[in-house]
């Protein structure tokens with residue numbers, strides 16, 4: 001059972017086997033909830049069929065775990081089928097609207113051994129250590145790629161990339177010049193930027209520029 005507000009606070013029975021939510025006929029009459037017969041029938045848990053009756057208007061339902069009012073039409077069950085103590089039965093047509101869901105449903109008895117261990121090992125990730133394949137496949141891959149790694153290490157740092165796709169062209173109309181001052185660099189990052197710049201200067205990748213109104217001085 002769960003507490004809902006339906007013409008006042010009351011306990012509703014949660015029935016996940018019921019497709020339709022229902023209320024007791026006497027309860028509907030006492031609270032002036034209008035209902036009428038509609039085509040079709042309800043199949044009860046014992047297999048018996050009863051003619052359907054349904055509320056004419058949408059009924060307001062409030063629930064503690066949601067902020068808004070849920071409007072819903074209920075089927076109405078005669079008193080000899082659904083006792084007055086069980087005023088409302090919540091079926092799967094209404095449970096999701098009230099944000100009621102089945103969770104933590106057991107699929108085995110305690111003591112039975114798990115057929116599958118689906119737990120995730122909680123191990124710290126090691127950067128650049130993600131081997132794929134068998135040990136033999138990894139060794140074969142390392143041997144095949146080793147010569148290319150050595151060749152890459154021997155490349156001149158100041159040389160241009162010889163891959164065609166790495167060349168970027170910026171077509172500029174003849175005689176057109178655009179001077180844009182560099183964005184200011186945050187003071188807190190200046191030391192980090194200077195480490196990179198000094199490394200490029202030492203490797204000969206860049207050279208100091210002549211002072212101009214368009215430069216942003218980085219070196220004192």
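A few points about this structure:
- Every pair of residues 6+ apart whose Cβ atoms lie under 6 Å, when the first sits in the stretch 189-202 and is more than 15 Å from residue 158 (Cα to Cα) while the second is surrounded by 10 or more Cβ atoms within 10 Å (Cβ to Cβ): 193/185
- Verdict on residue 178 being in a helix (DSSP H, G or I) and over 40 Å from the mean Cα position of the chain (by Cα): no
- Among the residues of the stretch 65-92, those identified as under 25 Å from the mean Cα position of the chain (by Cα) and surrounded by 12 or more Cβ atoms within 10 Å (Cβ to Cβ) are 66, 92.
- Single match in 50, 61 (criterion: closer than 17 Å to residue 94 by Cβ and in a strand (DSSP E or B)): 61
A short reminder: the numbers here are calculations on the coordinates, not readings from a lab. Note that the structure is a prediction, hence the values are computed from the model and not measured. Using ideal geometry, Cβ is built from the backbone for each residue, glycine included, and neighbour counts are taken over all protein chains shown.
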